[in-house]
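The values are calculated or read from the model by the stated rules, or taken from the named source; none is laboratory data. Small disclaimer: the values here were computed from a predicted structure and weren't measured. Note that each Cβ is placed from the backbone with ideal geometry, even for glycine, and that neighbours are counted across all protein chains shown.
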Amino acid sequence: MSGHLKVVASNTPPVKHDHLDLVLSNDKVLRLNDTRRFGAVLWQAKGEVHPLLAALGPEPLTEDFSAQTLIDACAKRSAAIKLVLMDNKVVVGIGNIYANEALFKAGILPTAPANTVSPDKLALLSTVVKETLAAAIVQGGTTLKDFSQADGKPGYFKQQLLVYGRGNQPCLQCQQPLSEIKLGQRTTVYCSLCQR
Ligand SMILES: [Zn+2]
């Protein structure tokens, strides 16, 4: 959350909150700037799995994350589907913004108990998650107030967000005002007509 990775020339002087340089072979460094110190840098030897990574679920853009992944994860859980989707033990890397967006696109109510969501909808959700993340990567990540791309330009995804940041504004599908609640202490925006 809110950290930066930048590729800069190796002689670029560090600034406040620059914590780590990984020296690359092209006279550049991959530099970590982490104002709020939420980040961690872990190293693991080939063939080993760091204990902090051992319990993590698959990456969403790999084949290891599929409809069946979600169906299995939701089968016995009555927690809200949004919380399951953001659980790193189920699948990693789906943050709050993308969870909101994916659930809207899949037409699933964020507060629905996971074990009540139909397998068809979970299959659609797994597809939508991949599409949403892939689109975000192409468009440069989500614009937060302190986010920038590696080249310092702002990300552009916020301009295309369908629900996140749009609480009480009209749903883009049905025009009804979007609802905004806290779920697991995270801002959750949804359409009570389009999401069931
Ligand atoms: Zn709607």
Output yes when any residue across the range 27-44 is charged (D, E, K, R), over 22 Å from V7 (Cβ atoms) and surrounded by fewer than 17 Cβ atoms within 10 Å (Cβ to Cβ), and no when none is. no
Being surrounded by 16 or more Cβ atoms within 10 Å (Cβ to Cβ) and either modelled with pLDDT under 95 or within 17 Å of T62 (Cβ to Cβ) (or both) is the filter here; which residues of the range 102-127 pass it? A102, A123, L125, S126
Positions within the range 179-195 being closer than 15 Å to E101 by Cα, within 19 Å of the chain's Cα centre (by Cα) and not acidic (D, E), in sequence order: I181, L183, R186, T187, T188, V189, Y190
If a residue has to be surrounded by 15 or more Cβ atoms within 10 Å (Cβ to Cβ), out of contact with any Cys (no Cβ under 9 Å at 6 or more places or on another chain) and modelled with pLDDT of 70 or more to count, how many in the range 128-164 make the cut? 9
For the range 63-77, which residues satisfy the criterion of being in a helix (DSSP H, G or I) and either under 12 Å from V129 (Cβ atoms) or of a type in the set (G, A, S) (or both)? A67, T69, L70, A73, A75
Of the criteria (1) exposed (fewer than 13 other Cβ atoms within 10 Å of the Cβ); (2) closer than 30 Å to G167 by Cα; (3) at pLDDT 95 or above, which one Q68 fails: (2)
Residues satisfying the stated conditions in the range 179-193, i.e. more than 10 Å from the ligand (Cβ to nearest atom) and either among the charged types (D, E, K, R) or under 18 Å from V129 (Cα atoms) (or both): E180, K182, R186, T188, V189
Looking only at residues in the range 163-178 that are under 18 Å from G107 (Cβ atoms) and more than 10 Å from the ligand (Cβ to nearest atom), which one is farthest from the chain's Cα centre (by Cα)? R166
All but one of (1) at pLDDT 95 or above; (2) basic (K, R); (3) within 16 Å of the ligand (Cβ to nearest atom) hold for R196; state the number of the condition that does not hold. (1)
Given the criterion on the phi > 0 side of the Ramachandran plot and in a loop (DSSP other than H, G, I, E, B), identify the matching residue among G39, G47. G47
Given the criteria at pLDDT 95 or above and of a type in the set (G, A, S), does A45 qualify? no
Cβ-Cβ distance below 8 Å, separation of 6 or more or different chains: which pairs start in the range 41-64 with a residue that is more than 22 Å from L22 (Cβ to Cβ) and end on one that is in a loop (DSSP other than H, G, I, E, B) and among the charged types (D, E, K, R)? A55/K89; G57/D87; G57/K89; P58/D64
